[in-house]
Amino acid sequence: MDAPLVSIVTVTFNAPGYVQRFLDSVARHTREPHEIVVVDNASDEPTRSLLRAKAASGSIRLLQNEENVLWARACNQGIEACDRRSRHVLLVNPDCEVLRDDWIARLAAVLEADPKVAVTGIALNWKRIGPVFGCVDGQCFFVRREALDAVGLLDAERYPWNGAPYDWCARAFAKGFIYRRCENDPPFLVHHGHKSVEASGKEHPWRPVDVEDMLRRAGLTPTRPHRISVWLRRTFGPSFFFEPLRGRR
């Protein structure tokens, strides 16, 4: 097998209709060499049957968990199973849908344009706490392999579902990297949102995240800019206004 440009990792938990839609859209619209690693978090039989069939056809590699180990730990399982030769790793939710053939090229172009960019995605989460000011949202988390090797895996012990992307971006910033949003216009990816939770009828409470503590543990000093300076930056800055400023000219 040739080296993949990107290893695509998705974590499933029920919602088989959306899982089917996602996998079919990836197959239909992905032109670059790639692999798909699916980590299933103890789904019910309809999703398991679908994934077993996909694995038997050779279209995915399946890691089947017999208990729900939650998002971050399952992502780490998928990352560790990826082909080490891939240049990028994409963590993407299975309730996303690919719309265009250029989706991987557009994500990869953001990283290739600047070696300081560790990760990109279609959405950012804003926090008014510097120096990092948030993170790339976990729905689409496209990571440079060299940065992943330098920063490490997600912190699944402290942040088993929400908070893990914030923590990873903070640790990346401490090592000299930044993040950047990928323009999704015209749209190449849509996130239908929360379909695993809706399908299962189960919900894990949204855990509060102490961002200042997270930054300190990464070796950074938290700052809170004045609201006026934040407004100026958001109003007159670039479209990716709350990405870290490190290394930009």
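Observations
- Residues in the range 149-171 that are surrounded by fewer than 20 Cβ atoms within 10 Å (Cβ to Cβ) and of a type in the set (Gly, Ala, Ser): Ala150, Gly152, Ala156.
- Close Cβ contacts (under 7 Å, 6 or more residues apart or on different chains) running from residues in the range 140-159 that are closer than 14 Å to Asn76 by Cα to residues that are among the basic types (Lys, Arg) and part of a helix (DSSP H, G or I) comprise Val151/Arg171; Ala156/Arg73.
- Any hit, the range 153-170, residues being modelled with pLDDT of 95 or more, part of a loop (DSSP other than H, G, I, E, B), within 25 Å of Val230 (Cα to Cα) and among the small types (Gly, Ala, Ser): no
- Single condition Pro4 does not satisfy, out of (1) farther than 22 Å from Pro160 by Cβ; (2) of a type outside the set (A, V, I, L, M); (3) assigned to a loop (DSSP other than H, G, I, E, B); (4) without any contact (Cβ under 8 Å) to a residue 60 or more places away in the chain: (4)
- The one condition in (1) at pLDDT below 95; (2) within 30 Å of Glu97 (Cα to Cα); (3) not acidic (Asp, Glu); (4) not in a loop (DSSP other than H, G, I, E, B) that Ile228 fails to fulfil: (2)
- Scanning the range 122-147 for residues that are closer than 14 Å to Val209 by Cα and of a type in the set (Gly, Ala, Ser) turns up just one, Gly134.
- In summary, Arg28 fulfils each of the numbered conditions (1) within 21 Å of Phe188 (Cα to Cα); (2) surrounded by 15 or more Cβ atoms within 10 Å (Cβ to Cβ) with the single exception of condition (2).
- Qualifying residue in the range 192-215 (condition: within 15 Å of the chain's Cα centre (by Cα) and either of a type in the set (Phe, Trp, Tyr) or at pLDDT 95 or above (or both)): no
- Apart from one condition, Val110 fits all of (1) farther than 16 Å from Ser7 by Cα; (2) of a type in the set (Val, Ile, Thr); (3) without any contact (Cβ under 8 Å) to a residue 40 or more places away in the chain; the exception is (3).
- Residues that are crowded, with 17+ Cβ neighbours inside 10 Å and outside any strand (DSSP E or B), drawn from the range 37-54: Ser43, Thr47, Arg48, Leu50, Leu51, Lys54
The values are calculated or read from the model by the stated rules, or taken from the named source; none is laboratory data. Just so it is clear, the structure is predicted and the values come from calculations on it, not from any experiment. No Cβ is skipped: glycine too gets one built from the backbone with ideal geometry, and neighbour counts run over all protein chains shown.
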